[in-house]
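First the structure, in the form of structure tokens, and then the observations on it.
Every read-out reported here was derived from the displayed coordinates using simple, explicitly stated rules and does not represent laboratory data. These figures come from a predicted structure and were not determined experimentally. Quick reminder, even Gly has a Cβ in these numbers, built from the backbone with ideal geometry, and neighbours come from all protein chains shown.
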Amino acid sequence: MKDFLKIMLASALGFIIANIILSLIAMLFFFGMMGSLAGSFTSEKFVLKENSMLNLRLNGPISERVPEEDPFTELLAPEATAAMGLNDIVSAIRKAKNNDMIKGIYIDSRSISASMATLAEIRNELKSFKESGKFVVAYADTYSQAGYYLASMADKVAINPMGNLDLHGLASMPIFFKDALDKLGIEMQIFKVGTYKSAVEPFTQNEMSDANREQVSSYLNDAWSFLRADIAEARSLTPEKVDALANQMPLLQTTDFLLEANLVDTLLYETEMKDYLRTLLSLEEGKMIPSATVSNMRSVTTKTVKKTGNTIGILYAQGNIVSGTGASNIQDKYMVNQIEKLRKDEDIKAVVFRINSGGGSAYASEQIWKAISDLKKEKPVVVSMGDVAASGGYYIACNADRIVAQPTTLTGSIGIFGMIPNMEGTAEKIGISTDVVKTNEYGDFGNITRPFNDQEKQLLQNMIEKGYDIFLTRCAEGRNMPKDSLALYAEGRVWTGNQAKEIGLVDELGGIERAIEIAAEMANLGKSYVVFEYPKMRTMIEELLDRPKEELAARTMKEYLGESYELFMLLRDIREQDYIQARIPYELNIR
């Protein structure tokens with residue numbers, strides 16, 4: 001007994017000491033982070049110098065908008081490339097255009113990650129910037145196709161003599177999980193309306209259906225026609241010549257080939273490029289080049305902007321549409337609350353609803369649709385579509401007064417589906433059996449360890465068809481089109497913004513700036529208005545409290561599951577979603 005008590009006391013003491021040590025370590029880590037934070041607050045504020053250039057370094061993913069940089073990013077994820085906000089990039093270019101201290105733009109698009117419509121927004125701003133007469137030059141060791149699309153707008157495009165330039169066209173390469181699911185004993189039970197509704201295909205097939213291949217080919221070719229034409233115009237080529245060059249795989253050609261093809265203007269090492277920039281800025285040899293980054297430009301103000309009685313609100317909706325109250329993704333209760341605030345705010349005379357979403361919950365989409373309908377009764381609502389505003393993303397857009405999209409935006413996909421896993425095979429593989437006692441026929445409805453019976457399948461299909469009819473009705477009424485006419489363009493088919501305009505799903509082609517102009521016109525504001533963004537971005541502390549646990553969990557799962565991680569995440573998303581979904585495929589995988 002004495003030995004037992006000794007062991008128990010020693011264990012308890014060890015546990016207490018271990019907790020004290022861990023607490024001290026946690027405190028040291030916390031105060032170290034606080035020190036970094038304090039240092040960031042006391043760091044010298046950026047001051048724009050005379051004779052500067054905007055260093056448009058686009059390195060990493062681009063989102064609609066991101067929180068201000070915080071000192072925790074490097075500590076928590078030092079190897080991660082921070083995302084950039086499209087709103088910050090556009091704002092930086094506009095400020096550079098109107099600020100006499102900035103003489104030009106240096107495009108450094110080394111490893112940009114952005115979709116077609118986002119690239120178009122940035123490119124259009126660069127085109128507008130050139131109207132100022134200031135210089136625009138581009139340089140890279142290696143141009144990705146996305147990076148080159150932007151760089152082609154420059155007055156001079158330079159590349160490292162040993163560099164590479166990618167120009168290959170567009171391709172969609174969806175990944176199919178059917179065989180993997182079969183090995184796990186998982187059967188996806190599908191209920192859908194829409195011949196082209198392809199979101200379910202990766203879970204039930206090993207290749208595209210004929211209908212899906214048709215629609216993907218259609219929207220890819222239409223989108224490429226715009227990208228190709230833009231490059232051709234900027235580089236004094238023909239669209240046919242751009243196609244011919246793409247078919248020769250410039251990435252694997254020499255830089256002399258790039259010169260002869262007029263894809264670039266000159267071959268320079270980076271040191272030589274800096275010397276060239278000094279000549280543009282009339283700087284002495286070896287002198288430091290004054291420059292400002294996109295992040296720096298946040299603190300460069302043109303004039304103090306205050307909310308007035310003539311305010312246009314930009315409401316951002318980015319991510320999956322889900323049921324919930326949080327700020328991540330597009331959660332219906334949170335978004336409805338934001339819309340209601342804008343509706344009740346008498347200073348806000350019009351709203352630009354900026355949507356970048358492939359959809360999600362049909363139920364949540366309906367709630368947001370209703371809130372937009374109520375808002376529209378009191379003030380103009382103009383939708384600005386980003387990279388994608390399809391399925392549920394189109395559902396929440398269809399009732400706006402006007403819809404503006406980029407030619408390469410992916411939209412439409414008017415159709416819904418339900419996808420519920422049957423894991424009976426999985427249970428058998430790992431030796432799990434289930435049984436049931438129920439008082440009513442559908443008492444165990446939704447049991448994923450058995451397949452649906454015929455009656456359950458019919459009930460679910462009826463529910464899907466009813467949901468599709470409501471979706472179709474909402475779109476027809478919102479677009480002021482006969483329902484049977486709109487049905488010809490529905491069936492879950494995805495369209496580019498350009499195609500959508502031709503068939504009446506979109507009113508005008510353009511970016512968010514054009515949507516703001518239309519909203520001002522509809523509200524009779526003339527040129528006298530200010531623009532504010534909603535919802536308010538989360539603070540650094542809010543980001544800090546959320547990020548560690550999410551990142552730690554994700555990294556642990558990825559380490560443990562390896563190649564199965566992506567499939568696990570998909571299955572998790574499916575399990576957490578509503579039965580009825582209005583969304584495009586989970587991953588279009590366009591490159």
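Brief remarks on what is shown
- By other beta-carbon atoms within 10 Å, ranking S144, S433 with the fewest at the front produces S433, S144.
- Within the range 311-375, GluC sites (Glu not before Pro) in DSSP loop having at most 10 other beta-carbon neighbours inside 10 Å: E346
- Taking Cα centre as origin and charging only the Cβ of basic (Lys, Arg, +1) and acidic (Asp, Glu, -1) residues, the dipole magnitude of the range 189-288 rounds to 420 debye.
- Placing +1 on each Lys and Arg Cβ and -1 on each Asp and Glu Cβ, with no other charges, gives the range 323-431 a dipole about its Cα centre of roughly 280 debye.
- The range 132-176 shape via C-alpha gyration tensor axes, a/c threshold 1.5: oblate
- Candidate cross-link partners of K438 among the lysines, defined by an alpha-carbon separation under 20 Å and a same-chain spacing of 8 or more, comprise K457.
- Among the listed pairs K127/K344; K95/K274; K156/K527, those beyond 31 Å (Cα-Cα): K127/K344; K156/K527
- Distance between the pseudo-spin-label points of N206 and N447 (7 Å out from Cα toward the beta carbon): 3.3 nm.
- For the cross-link pairs K49/K134; K197/K466; K49/K287; K341/K377; K192/K333, the ones whose C-alpha atoms lie over 18 Å apart are K192/K333.
- Note on T142, T279: ascending count of other Cβ atoms within 10 Å places them as T279, T142, the fewest first.
- Proxy reagent accessibility, fewest Cβ within 10 Å first, across V506, V322, V436: V436, V322, V506
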